[in-house]
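Read the figures in this text as sums done on the coordinates, not as results from a lab. Note that this is a predicted model, so its numbers are computed, not measured. For neighbour counting, all protein chains shown are included, and Cβ atoms are generated from backbone atoms with ideal geometry for every residue, glycine included.
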Amino acid sequence: MHFSNAIVRRPGRSIVNGLSMTASGPPVYEKALEQHAQYVKALGYCGLEVKVLDCLEDYPDATFVEDVAILTPDCAIITAPGAPSRRGEVEAIKPVLNPYYSCIECIHTPGTLEGGDLMQVGNHFYIGLSQRTNEAGARQLTAILEKYGITASTVPVVNFLHLKTAVTYVGQNHLMVAEGFALPEELQSFKAFQVPIAELPAANCILINDKIMMSAGFPRTQEQLGLIGTEIVAVDISEFAKIDGGLTCLSLRF
Ligand code: GLY
């Protein structure tokens with residue numbers, strides 16, 4: 001799981017219309033742009049070469065580029081977002097991936113799948129079955145991954161948008177787990193850092209090589225996570241959190 005590259009998409013003004021399950025009000029566009037620039041800088045600090053794509057005004061959630069593709073060492077997989085308003089985003093990501101991948105596969109409807117529902121641990125993908133990812137999508141993905149020697153299994157996601165909204169892998173056999181997420185049996189062999197309700201966005205961390213990116217502003221969780229000794233890079237993405245966006249959703253890493 002060594003990453004050298006990242007792809008991000010700058011938010012457009014339409015981000016104020018992004019899908020949201022929370023009542024925190026719309027993001028402030030200028031502040032979101034500023035936070036996005038800081039996010040790009042942090043990816044660079046983690047050693048990644050970052051490709052920044054232009055915004056897609058027709059798609060308010062298009063900045064959450066992780067949801068539309070899954071990138072493995074040997075193939076890219078274009079997803080089929082479960083949110084109808086996001087389906088058109090996939091057309092825009094295909095040409096971006098062409099220069100990097102000779103094998104590009106696709107998930108087809110009625111299967112649905114969003115990248116936020118995938119948690120990778122080594123050579124295994126946990127696929128969250130959520131409001132956005134269904135059994136048919138998970139089955140298609142599992143069959144594709146198997147062709148490339150990658151295993152996968154499904155876990156239920158209830159009360160959270162995506163699997164990685166609730167749980168992320170931070171290395172050294174540790175998970176960040178949001179309070180209120182019922183950890184499925186097959187994830188119980190990991191050591192878990194419990195993220196309290198008051199700090200829920202901090203459950204969504206990204207392990208990037210020898211560093212962990214986490215959302216800034218969550219001191220209790222940061223202190224806990226600090227115990228594993230990996231350098232933490234904290235980035236404020238509060239404007240994106242207003243429309244249920246996490247750190248992982250904002251980039252594709254490969
Ligand atoms: N606002 C992010 C999503 O719902 O996909």
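Filter region 2-34 for residues that are in contact with a Phe, Trp or Tyr (Cβ under 9 Å, 6 or more places away or on another chain), away from the ligand (no atom under 11 Å from the Cβ) and of a type in the set (A, V, I, L, M) and give the result.
Across region 2-34, the qualifying residues are ALA6, ILE7, VAL8, VAL16, ALA32.
So, in region 201-213, exactly how many residues are crowded, with 20+ Cβ neighbours inside 10 Å and more than 17 Å from HIS162 (Cα to Cα)?
Of the residues in region 201-213, the ones crowded, with 20+ Cβ neighbours inside 10 Å are 201-208, 212-213.
Applying the additional criterion that residues be more than 17 Å from HIS162 (Cα to Cα) yields 207-208, 212-213.
Total meeting the criteria: 4.
Quick check, is ALA37 in contact with a Leu (Cβ under 6 Å, 6 or more places away or on another chain) and either of a type in the set (A, V, I, L, M) or without any contact (Cβ under 8 Å) to a residue 12 or more places away in the chain (or both)? Give the derivation first.
On the way: in contact with a Leu (Cβ under 6 Å, 6 or more places away or on another chain): no; either of a type in the set (A, V, I, L, M) or without any contact (Cβ under 8 Å) to a residue 12 or more places away in the chain (or both): yes.
So ALA37 fails the test.
Would you tally the residues in region 117-135 being within 14 Å of LYS164 (Cβ to Cβ), without any contact (Cβ under 8 Å) to a residue 40 or more places away in the chain and in a helix (DSSP H, G or I)?
Total meeting the criteria: 0.
Among the residues of region 127-172 satisfying the criterion of being more than 15 Å from the chain's Cα centre (by Cα) and of a type in the set (Lys, Arg), which is nearest to the ligand (Cβ to nearest atom)?
Filtering region 127-172 for residues that are more than 15 Å from the chain's Cα centre (by Cα) and of a type in the set (Lys, Arg), the one nearest to the ligand (Cβ to nearest atom) comes out as ARG139.
Give the residues of region 116-132 that are in contact with a Ser or Thr (Cβ under 6 Å, 6 or more places away or on another chain) and more than 11 Å from SER153 (Cα to Cα), sorted by residue number.
Of everything in region 116-132, just one residue is in contact with a Ser or Thr (Cβ under 6 Å, 6 or more places away or on another chain) and more than 11 Å from SER153 (Cα to Cα), namely ASP117.
Please find, among VAL96, VAL65, the residue that is crowded, with 19+ Cβ neighbours inside 10 Å and of a type outside the set (Asp, Glu). I'd like the intermediate steps shown before the answer.
Values: VAL96 fails: crowded, with 19+ Cβ neighbours inside 10 Å.
Selected residue: VAL65, the only one of VAL96, VAL65 that is crowded, with 19+ Cβ neighbours inside 10 Å and of a type outside the set (Asp, Glu).
Residues that are in a loop (DSSP other than H, G, I, E, B) and within 16 Å of the ligand (Cβ to nearest atom): does region 108-116 have at least one?
So the first thing to find is which residues in region 108-116 are in a loop (DSSP other than H, G, I, E, B), and the list is 108-112, 114.
Adding the requirement that they be within 16 Å of the ligand (Cβ to nearest atom) leaves 112, 114.
Yes: one or more hits.
Of all the residues that make up region 59-98, how many are among the acidic types (Asp, Glu), more than 12 Å from the ligand (Cβ to nearest atom) and touching a Cys at 6+ places or on another chain (Cβ under 8 Å)?
Here is the first cut: in region 59-98, the residues among the acidic types (Asp, Glu) are 61, 66-67, 74, 89, 91.
From what's left, more than 12 Å from the ligand (Cβ to nearest atom): 74, 91.
Narrowing the set further to residues that are touching a Cys at 6+ places or on another chain (Cβ under 8 Å) leaves 74.
Total meeting the criteria: 1.
Here is a check on your reading of the model: is THR79 farther than 29 Å from ASN173 by Cβ and surrounded by 14 or more Cβ atoms within 10 Å (Cβ to Cβ)? Walk me through how you get there before you give the answer.
On the way: farther than 29 Å from ASN173 by Cβ: no; surrounded by 14 or more Cβ atoms within 10 Å (Cβ to Cβ): yes.
It is false that THR79 is farther than 29 Å from ASN173 by Cβ and surrounded by 14 or more Cβ atoms within 10 Å (Cβ to Cβ).
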